[in-house]
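Here is the structure we will look at, set down as structure tokens.
All of the numbers you see were taken from the coordinates with simple rules; none came from a lab. This is a predicted model, so every value here is computed, not measured. Here the Cβ positions follow ideal geometry from the backbone for every residue, glycine too, while neighbour counts run over all protein chains shown.
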């Protein structure tokens with residue numbers, strides 16, 4: 001029940017295309033859903049985050065869509081660029097309990113020029 | 001500069017030795033975390049601490065130990081009891097429960 005399942009494991013997109021990464025969770029106590037971007041040899045960096053009181057949040061080319069009834073959320077990268085090539089992790093947290101984040105398995109994105 | 005500093009960046013350990021990974025933050029965050037990352041896998045929680053002098057086991061605490069004597073410091077010791085310690089270790093902190101976590105640049109530990 002603590003798991004966060006992320007798909008796909010890897011993704012190849014042409015420059016200018018849309019990259020879509022999906023995550024699903026089981027624990028209805030989760031109330032914080034961030035996305036992280038990680039480049040090789042570096043620590044993950046917070047990209048964008050959402051709470052379940054909204055269904056969508058957009059920051060620049062990055063959008064989170066959230067479906068509370070389906071217990072799913074996704075990251076959309078519009079106009080994907082080669083510089084977006086990285087590993088992306090979704091996560092879920094429970095602010096009413098420990099606050100710890102449970103991470104998905106990660107998606108390696110490659111944007112071809 | 002505010003942030004999280006992990007040291008060393010690379011660490012080599014002989015089998016049977018204990019090693020300690022350093023994590024320091026100057027963000028005045030209450031919560032700190034240690035994660036382990038293996039190739040092609042997500043981040044798995046080792047230990048976390050919400051306040052000074054208190055910490056809890058995460059999902060893979062066996063073979064690891066921590067201390068939280070100061071708010072800004074959360075060192076992780078990888079003991080000889082950890083059977084497969086070669087991994088990338090990440091420290092993180094957050095201002096409070098259920099808020100954004102900020103990560104350090106990681107320590108890559110290799111057993112030789």
For the stretch B:5-49, Rg(Cα) over 2.2 N^0.38 Å is 1.36
Scaled by the rule-of-thumb 2.2 N^0.38 Å, the alpha carbon Rg for the protein assembly as shown gives a ratio of 1.01
Percent antiparallel among DSSP beta bridges confined to chain B, rounded to 5, stands at 90
Scattering profile of chain A from the Debye formula, Cα beads only, expressed as log10 I(q)/I(0) at q = 0.15 Å⁻¹, is -0.59
The rounded separation in angstrom of the Cα centers of the stretch B:1-55 and the stretch A:53-113 is 23
So, relative contact order of chain A in percent, Cα under 8 Å, 6 or more apart, is 37
Log entry: pair-distance distribution for the stretch B:36-111, C-alpha pairs binned every 5 Å from zero, whole % per bin is 3, 14, 25, 29, 18, 9, 2
For residue A:54 and residue A:26, extending 7 Å from Cα along the Cα-Cβ vector and measuring point to point gives, in nm, a value of 3.0
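Please compute the average number of Cβ atoms from other chains found within 10 Å of each residue's Cβ in peptide B:27-37.
Details: counts 0, 0, 0, 1, 3, 0, 3, 0, 5, 0, 7.
The mean count of partner-chain Cβ atoms within 10 Å per residue comes to 2.
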With the 8 Å Cα cutoff and a minimum separation of six or more residues, chain B has a relative contact order in percent of 35
Mean Cβ-within-10 Å packing, highest first, puts peptides B:72-78, A:38-44 in the order B:72-78, A:38-44
Proxy exposure order for B:100, A:26, B:69 (fewest C-beta within 10 Å first) is B:69, A:26, B:100
